[in-house]
1. If you go through segment 149-166 one residue at a time, do you hit one that is among the aliphatic types (A, V, I, L, M) and at pLDDT 90 or above?
2. What strands (runs of 3 or more DSSP E) completely inside segment 92-194 contain at least 3 residues that are of a type in the set (Ser, Thr, Tyr)?
3. Taking the conditions exactly as written (of a type in the set (A, V, I, L, M, F, W, C) and modelled with pLDDT of 90 or more), does PHE116 satisfy them or not?
4. Taking LEU211 as meeting all but one of (1) modelled with pLDDT of 95 or more; (2) touching a Lys or Arg at 6+ places or on another chain (Cβ under 6 Å), write down the number of the exception.
5. Which numbered condition trips up LEU147, out of (1) of a type outside the set (Ser, Thr, Tyr); (2) within 16 Å of the chain's Cα centre (by Cα); (3) surrounded by 13 or more Cβ atoms within 10 Å (Cβ to Cβ)?
6. Quick one: would you say SER46 is surrounded by 13 or more Cβ atoms within 10 Å (Cβ to Cβ), modelled with pLDDT of 80 or more and under 30 Å from GLU178 (Cβ atoms)?
7. State the number of residues belonging to segment 72-113 that are at negative phi, small (Gly, Ala, Ser) and touching a residue at least 12 places away in the same chain (Cβ under 8 Å).
8. When residues of segment 223-243 are filtered for being in a helix (DSSP H, G or I) and either touching a Leu at 6+ places or on another chain (Cβ under 7 Å) or closer than 28 Å to HIS123 by Cα (or both), how many remain?
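The values are calculated or read from the model by the stated rules, or taken from the named source; none is laboratory data. Small disclaimer: the values here were computed from a predicted structure and weren't measured. Every residue, glycine as well, gets a Cβ built from its backbone with ideal geometry; the counts of neighbours run over all protein chains shown.
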Amino acid sequence: MKPRLIILIPILLILISCSAKAELNAHKIKNSSELSTGAGYEVESSNYSKNEINITYPKLVHLDNDTYRDEINELIQEDAIKIIEFYSLEEGNLDIDYRVTFKNNDFLSFQYLGSFFSKGAAHPLNIFYTSNIDLKKAVKVKLSDLLEMNESFVEKFKRDNYKSFDDNLDLLEEGVMEELWSVYSDEDLLNYFHQADETGRINESGTFSYLTEDSIGVSISIPHALGDHLEMEISFADLGGYIKKDSLLNF
């Protein structure tokens, strides 16, 4: 851990001590029904449950192409439960649910949110990861497939819209964002972005992306005292020359 981060964490703990704990109850997550508009399929919930692990993930139904439907659902399931690898050696409760953030006939994007409560721990860890699926090719789409990223993109990321995942946690309001960004170099963040959307050891920074109706969101891991993960969203209108020519964002 970087020395500056070690110094920063106690300061930030004091700043947010008046806020409620940034714990996410996965069962409270609800999918946005309005995202179904114009899509020729439906999304239902499926569940993986074993011992103290409970993961709810999306399943596509009524998709015109039955072959791709099965491939896509297998891909979604595999990606959803891969998170178990990170906690397989620890005793505790893992509870994950999902939220669809973007849905049309070509593309499906959703977030996984939840918590891991390790045996003997005082507080749970907040979990966040995502999946972006190209429905025409039945493949997973990464941030690097969508955008050309450089140092100027890093600066745009740091300046754009912070999205709190918990009503009782607002890092912007607490005034800690500037100090938080001082911990990460532009080179660090750029490397994180290029590793994004791997649910595995290669993505040690825990960086993931997702789409909404008007923006692209990027999530990175941050200290547990600040909520474990942070999401920033950049509107499509502000992405300018960063969108790749063959990207699915050119819709």
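1. Yes: one or more hits.
2. Ranges flagged: 107-118, 125-134.
3. yes
4. (2)
5. (2)
6. Values: surrounded by 13 or more Cβ atoms within 10 Å (Cβ to Cβ): yes; modelled with pLDDT of 80 or more: yes; under 30 Å from GLU178 (Cβ atoms): no.
Judged against the criteria, SER46 is not a match.
7. Restricting attention to segment 72-113, the residues satisfying the condition of being at negative phi are 72-91, 93-113.
From the residues that got through so far, the ones that are small (Gly, Ala, Ser) too are 80, 88, 109.
From the residues that got through so far, the ones that are touching a residue at least 12 places away in the same chain (Cβ under 8 Å) too are 80, 109.
Residues flagged as at negative phi, small (Gly, Ala, Ser) and touching a residue at least 12 places away in the same chain (Cβ under 8 Å) within segment 72-113 amount to 2.
8. Qualifying residue count for the region: 5.
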